[in-house]
Amino acid sequence: MIGVVVKPNEPFERALKRFTKSCEKNGIISDVKKRQRYEKPSEERKRIETSARRKRLKELAEANRKRLY
């Protein structure tokens, strides 16, 4: 459980910002967004494969760019 101790004379907005930042750092927000709806295992596998393919193509393009110079 994430908690933020509010310091004396600290504005609420600043404490809320620290709490939000700690949630993002721990991956809670992305986990909640991911679990908003059910994703079939086949769809998850397809999403992972496409992202891996995209990453591989990006790395190849970067390597080709570096090799040309």
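All of the numbers you see were taken from the coordinates with simple rules; none came from a lab. Everything quoted here is computed from the prediction, not taken from an experiment. Using ideal geometry, Cβ is built from the backbone for each residue, glycine included, and neighbour counts are taken over all protein chains shown.
Here are a few things to note about the model shown:
- At full extension, A63 and E10 could sit 14.2 nm farther apart than now, given 0.36 nm per residue minus the alpha carbon distance.
- Residue-by-residue Karplus 3J(HN,Hα) for the stretch 28-34, coefficients 6.51, -1.76, 1.60, Hz, glycine and proline x: 5, 5, 5, 5, 5, 5, 5
- Positive-end extreme of charge dipole, the chain - chosen from A52, P11, Q36 (charges on Cβ): A52
- Crossing angle, helix 12-26 versus the chain [Cα axis fit, 0-90 degrees, rounded to tens]: 40 degrees
- Descending by average beta-carbon neighbour count within 10 Å, the peptides 55-62, 19-26, 31-38 line up as 19-26, 55-62, 31-38, the highest first.
- Largest-first principal axis extents of the Cα set of the chain (Å): 57, 41, 16
- Listed by chain and number, the aspartates and glutamates placed with their C-alpha closer than 16 angstrom to that of K58 are E49; residues fewer than eight positions away on the same chain are left out.
- For the chain, the longest principal axis of the Cα atoms and the long axis of helix 41-68 meet at an angle of about 70 degrees.
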